[in-house]
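The values are calculated or read from the model by the stated rules, or taken from the named source; none is laboratory data. Predicted model only: the values in this text are computed from it and were never measured. With ideal geometry, Cβ positions are generated from the backbone for all residues, glycine too; neighbour counts draw on all protein chains shown. Heavy atoms of the whole protein, side chains included, go into the accessibility calculation; ligands, DNA and RNA do not. Shrake-Rupley method; radii C 1.70, N 1.55, O 1.52, S 1.80 Å.
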Amino acid sequence: MILAGQYVRDLLETAPGASVTARGWVKTRRDGKNVHFIQLNDGSSPTDLQVVVEQGLLAPEVIARITTGASLTVEGDLVASMGKGQKVELKARSVVIHGTADPEEYPLQKKKHNLETLRPLGHLRARTNTFGAVFRVRNALARAIHQFFQERGFLYIHAPVISSSDAEGAGSMFQVTTLNLEAGKPADFSQDFFARRAYLTVSGQLEAEILALAFANVYTFGPTFRAENSNTPRHLAEFYMIEPEMAFCDLNDDQDLAEAFLKSLIGQVLADCRPDLEFLSKWYEPELFQNLENVLAGPFERISYTEAVSLLQKSGKNFEFSTEWGCDLQSEHERYLTEELFKKPVIVTNYPRGIKAFYMRLNDDGKTVAAMDVLVPRIGEIVGGSQREERHDALRDRIREHAATGMHEENYWWYLDLRRFGGVEHAGFGMGFERMMMYLTGMKNIRDVIAFPRTPGNAEF
RNA sequence: UCCUCAGUAGCUCAACGGUAGAGCAUUCGGCUGUUAACCGAAGGGUUGUAGGUUCGAAUCCUACCUGAGGAGCCA
């Protein structure tokens, strides 16, 4: 295996003179009269290691098998490069070919491919420069998320992937069953594996609330599932979500944390992955650094829903959808606020109760709830959160209001119990991991920031 | 799910009612401390699928499949 300090990334930073071993996959080979050049990469760096093979070291039929995609181990000496483009190169003493890649059949060429072309090649696209950069950023982002919360004493918790909550309506959830379901036959779910209907989770929030009321500050970071038939560049059926939940916390604290969170993540990834971001900026989003630094530059704009509606009405824009108070903000409204009016992240708070979830805390006006959405240019809503309703009777009443949509008070006995025993004001938010990835990498389609995207009609690999 | 657009060589595209083409890739030859290498030649196609109109369809029409963008839903 490749040990720490022996990745291509490390070798490129090693002083000339060292005797080293490099392992990886061939990007390209170029042949000179007296020498062959092999671009080798192990996925650790956006820059390849140039391997120099002098004429005579390998038989011509061996050289011929070193083509794009082949896997190699090369032993040799790191030497100062005679050519431009790299400080050091590996002068080979021995080359072992582990696996070849028939150039007549290997689909990846040493030219640029469309992202759409690469998508059906999910088993090979990780070897490209673009996906190398994307997945390294993904790793750095995940680490930055844990670091942010760990530094603040948050407990990393694991919400269940299988949930029996039917609050969201079965239409948007994947059902989990071991029964042999047949169309037209009524199923007896009391005989099912969990002795009830079960689903893949659409959110770990309710469980996070339980643990927040024991550990004060907690966060989840795990897979989430939505069975919506959404065919857009921003939606996945399986995605990762981060959900912090804080006791002794109101909506202002919630906003402060969300803003600090986003700034911390961007700052950390800018520091950790600059060469990758430069590559992505060059090929996919020229304004990437400008966008990211703009988030760090100053405080987010914070406005209430009511102010947002007023600003939309005064905008002079001809919106397709209504901007009347009580209507939800549409994509076009969110884009106007964050991209045109404020040109920076905007937090919109205190939405009408009718368009938000039952667990959000009812404000004193009786008309709005303590919700917040963080909107960013290019992506739209990247964070959604709220202060939760901690008053038992108020929460019970809201659940009863939703009875018509299939919510049953008895299913929420434990959720209500949290308000009976040591309840306290608390708040939290959810951030889509892949949405944040899109913002950080400049990728325009969410299917290109996750290794194996699950979308309607697609679960290959 | 709805609306719009697009499917032509391995890849990126041209031809828009009259014999299916180029660049890159591949193979072969040449040149070269090269780095999106360069020069020359060759191979490579049931134009997404199925119907229809026409003397003749990649081109026009219909349906379906696949993909992309927009919308809804949301993270």
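In the set A:Ile399, A:Ile379, only one residue is buried (at least 17 other Cβ atoms within 10 Å of the Cβ), within 16 Å of RNA strand B (Cβ to nearest atom) and at pLDDT below 95; that residue is A:Ile379. A:Ser94 meets each of the listed conditions (1) without any contact (Cβ under 8 Å) to a residue 60 or more places away in the chain; (2) within 33 Å of the chain's Cα centre (by Cα) apart from (2).
Quick one: count up the residues across region A:435-460 that are open to solvent by 50 Å² or more (accessible area, probe 1.4 Å), of a type in the set (Gly, Ala, Ser) and assigned by TED's automatic domain parsing to the domain that holds A:Gln290. Looking only at that region, the number is 0. Would you check if there is a residue in region A:60-70 being free of Cβ contacts under 8 Å to residues at least 24 places away in the same chain, outside any loop (DSSP other than H, G, I, E, B) and buried (at least 17 other Cβ atoms within 10 Å of the Cβ)? No; the residues of region A:60-70 include none that is free of Cβ contacts under 8 Å to residues at least 24 places away in the same chain, outside any loop (DSSP other than H, G, I, E, B) and buried (at least 17 other Cβ atoms within 10 Å of the Cβ).
As a summary of the residue check, A:Gly56 satisfies the conditions (1) under 31 Å from the mean Cα position of the chain (by Cα); (2) open to solvent by 60 Å² or more (accessible area, probe 1.4 Å); (3) within 14 Å of RNA strand B (Cβ to nearest atom); (4) more than 17 Å from A:Gly83 (Cβ to Cβ) except for the one numbered (1). Cβ-Cβ distances below 7 Å connect no pair with a first residue in region A:303-318 that is in a loop (DSSP other than H, G, I, E, B), a second residue that is at pLDDT 95 or above and of a type in the set (Lys, Arg), and a separation of six or more residues or different chains. One residue stands out among those in region A:333-357 that are outside any helix (DSSP H, G or I) and within 12 Å of RNA strand B (Cβ to nearest atom): the one that is least open to solvent (accessible area, probe 1.4 Å), which is A:Tyr351.
In the set A:Gly428, A:Gly384, only one residue is open to solvent by 10 Å² or more (accessible area, probe 1.4 Å) and either assigned to a strand (DSSP E or B) or in the same structural domain as A:Leu296 (by TED's automatic domain parsing) (or both); that residue is A:Gly384.
For region A:302-332, the set of residues classified as open to solvent by less than 50 Å² (accessible area, probe 1.4 Å), farther than 23 Å from A:Leu251 by Cα and not aromatic (Phe, Trp, Tyr) consists of A:Leu312, A:Ser315, A:Thr323, A:Glu332, listed by residue number.
Checking each residue in region A:8-25 for being in contact (Cβ under 8 Å) with a residue 60 or more places away in the chain and either within 9 Å of RNA strand B (Cβ to nearest atom) or under 16 Å from A:Gly69 (Cβ atoms) (or both) picks out only A:Trp25.
For (1) open to solvent by 90 Å² or more (accessible area, probe 1.4 Å); (2) of a type in the set (Phe, Trp, Tyr); (3) not in a helix (DSSP H, G or I), each residue gets a yes or a no:
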| site | (1), (2), (3) |
| --- | --- |
| A:His98 | yes, no, yes |
| A:Glu105 | yes, no, yes |
| A:Lys112 | yes, no, yes |
| A:Glu116 | yes, no, no |
| A:Gly132 | no, no, no |
| A:Arg138 | no, no, no |
| A:Leu141 | no, no, no |
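Among the residues making up region A:62-80, those that are near RNA strand B (Cβ under 10 Å from one of its atoms) and within 15 Å of A:His36 (Cβ to Cβ) are A:Ala64, A:Arg65, A:Thr67, A:Thr68.
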